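Novice: Sharing a structure, written as structure tokens. Questions coming.
The values are calculated or read from the model by the stated rules, or taken from the named source; none is laboratory data. Because the structure is predicted, anything quoted here is derived from the model rather than measured. FYI the Cβ positions are ideal-geometry reconstructions off the backbone, even for glycines, and counts take in every protein chain you see. These accessible areas exclude ligands, DNA and RNA; they are computed on the full protein's heavy atoms, side chains included. Shrake-Rupley method; radii C 1.70, N 1.55, O 1.52, S 1.80 Å.
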Amino acid sequence: MSSRQKITITFDELHTPAVEERLKQQSALNVAQASSERASTTPSPLPIPHAQASGSIWYNAFFNLTVFGLLGGLLAWGCGELVQHFNPDLKSEARAIKRDMDEVSAAYKSGKIKKTERMLTDLDLIKETGKDNPWFQFLIDERMSESQRTARMAQLEERDQLRDLVANVCFYCACGTMIALALGMAESVASRNPQGAVMYGSVGALLGLVGGIIVSLFADRLYRMIGGGKPASELSLGWQIFARATAWGVLGLFMSAAPGVVMRNGRKLMLGLIGGLAGGIIGGALFDPVGRATGSEMLSRLIAI
């Protein structure tokens, strides 16, 4: 058996520059390997590029964004209806209540209602529904002079303008937030990336909120400027459709830009703007025909959004 030769290293040799450099390199390599192992087990906050390779339709960008756009639209419509519920159109409600009263009076005069007591009871019940509506109280108050009526109407309209401004800001902000939230998190949800969904959804919601505030400041003003909102006797249906489609087209531009901005992708941004504009124009164009056909503004808003 051959004897092995021992290797002897002195203290001075152990601390030479070459050995020190080699130890630093080995330490850096160990740190790099540990970081790589941690990164491989931590989900990326970005959508996974190779996820689309699975061949599932769920990873198709068109299908994915369509589904999430519809989901965001439904959420936006629900939030918008809450805004409408807490800020009803008091002027329209007052006119509807007054119309019901006139119909009861006409039925009594034509003999359809025989008893005076029943007619008065019906009128009292109808009046009860409008007791908290200032426009209704204005319409049935016959004690005011012409100058007093003019002053009171101006006061009510000024108050309604402030209510409408607040309602429009809330409505557009709710719509913008819900739609942008859904579109912003679409790809991350499809790629099963919860961190990315939270991050992109949050940024998208913030962008939608800001966009909603911006749109609320001029969308309705643009609609009125074009001529929308006037009585049917003063405005044709075609022009009303044009005014509504223009305003909703501008709304669509802001609501669908979130994915491109969040992802910092120029192509997605351009496609989002084109899609949002087209969708807004189509939705706005359908708003009034659907409302006239069904008598429901709620259904009009659902289809348009």
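Novice: Inside segment 223-243, can you point out the residues that are open to solvent by less than 70 Å² (accessible area, probe 1.4 Å) and either closer than 28 Å to LEU71 by Cα or touching a strand residue (DSSP E or B) at 6+ places or on another chain (Cβ under 6 Å) (or both)?
Specialist: The answer is TYR223, ILE241, ALA243.
Novice: So LYS268 ticks every box in (1) at pLDDT below 80; (2) open to solvent by 70 Å² or more (accessible area, probe 1.4 Å); (3) in a helix (DSSP H, G or I) but one. Which box is left unticked?
Specialist: (2)
Novice: Which of the residues spanning segment 196-214 are surrounded by fewer than 19 Cβ atoms within 10 Å (Cβ to Cβ) and of a type outside the set (Val, Ile, Thr)? Write out each step before concluding.
Specialist: Start the filter on segment 196-214 by keeping residues that are surrounded by fewer than 19 Cβ atoms within 10 Å (Cβ to Cβ), which leaves 198-199, 202-203, 206, 209-210, 213-214.
Once the filter is applied, which keeps residues that are surrounded by fewer than 19 Cβ atoms within 10 Å (Cβ to Cβ) and of a type outside the set (Val, Ile, Thr), segment 196-214 yields MET199, SER202, LEU206, LEU209.
Novice: Is it the case that LYS127 is free of Cβ contacts under 8 Å to residues at least 40 places away in the same chain and either in contact with a strand residue (DSSP E or B) (Cβ under 8 Å, 6 or more places away or on another chain) or in a loop (DSSP other than H, G, I, E, B) (or both)?
Specialist: no
Novice: Could I ask something else about it? Look through ILE113, ILE57 and report the one residue that is open to solvent by 90 Å² or more (accessible area, probe 1.4 Å) and either over 32 Å from the mean Cα position of the chain (by Cα) or at pLDDT 65 or above (or both).
Specialist: Matching residue, one of ILE113, ILE57: ILE57.
Novice: What's the total number of residues in segment 144-153 that are touching a residue at least 12 places away in the same chain (Cβ under 8 Å) and not in a helix (DSSP H, G or I)?
Specialist: Of the residues in that region, 0 qualify.
Novice: Would you call ALA186 touching a residue at least 60 places away in the same chain (Cβ under 8 Å) and either within 17 Å of ILE281 (Cβ to Cβ) or under 19 Å from the mean Cα position of the chain (by Cα) (or both)?
Specialist: It is true that ALA186 is touching a residue at least 60 places away in the same chain (Cβ under 8 Å) and either within 17 Å of ILE281 (Cβ to Cβ) or under 19 Å from the mean Cα position of the chain (by Cα) (or both).
Novice: Right, another one. Do you know which of the residues in segment 62-82 that are more than 14 Å from ARG301 (Cα to Cα) and open to solvent by 40 Å² or more (accessible area, probe 1.4 Å) is modelled with the highest pLDDT?
Specialist: LEU71
Residue by residue, here is whether (1) among the aliphatic types (A, V, I, L, M); (2) more than 20 Å from LEU237 (Cβ to Cβ); (3) in contact with a Lys or Arg (Cβ under 7 Å, 6 or more places away or on another chain) holds:
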position	(1), (2), (3)
ARG264	no, yes, no
GLY272	no, yes, no
GLY276	no, yes, no
ILE281	yes, no, no
GLU297	no, no, no
ILE303	yes, no, no
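Novice: Shifting gears a bit: For ASN193, indicate whether it is buried (at least 19 other Cβ atoms within 10 Å of the Cβ), out of contact with any Phe, Trp or Tyr (no Cβ under 6 Å at 6 or more places or on another chain), under 26 Å from ILE303 (Cβ atoms) and not basic (Lys, Arg).
Specialist: no
Novice: A further question follows. Within segment 248-257, is there a residue that is open to solvent by 20 Å² or more (accessible area, probe 1.4 Å) and at positive phi?
Specialist: no
Novice: Can you say whether ALA167 is at pLDDT 85 or above, open to solvent by less than 60 Å² (accessible area, probe 1.4 Å) and either in a helix (DSSP H, G or I) or touching a Cys at 6+ places or on another chain (Cβ under 8 Å) (or both), as far as the supplied structure shows?
Specialist: no
Per-residue answers, yes or no, for (1) of a type in the set (Val, Ile, Thr); (2) open to solvent by 80 Å² or more (accessible area, probe 1.4 Å); (3) in contact (Cβ under 8 Å) with a residue 40 or more places away in the chain; (4) under 30 Å from ILE303 (Cβ atoms):
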residue: MET101; (1), (2), (3), (4): no, no, no, no
residue: VAL104; (1), (2), (3), (4): yes, no, no, no
residue: LYS131; (1), (2), (3), (4): no, yes, no, no
residue: GLU142; (1), (2), (3), (4): no, yes, no, no
residue: GLN155; (1), (2), (3), (4): no, yes, no, no
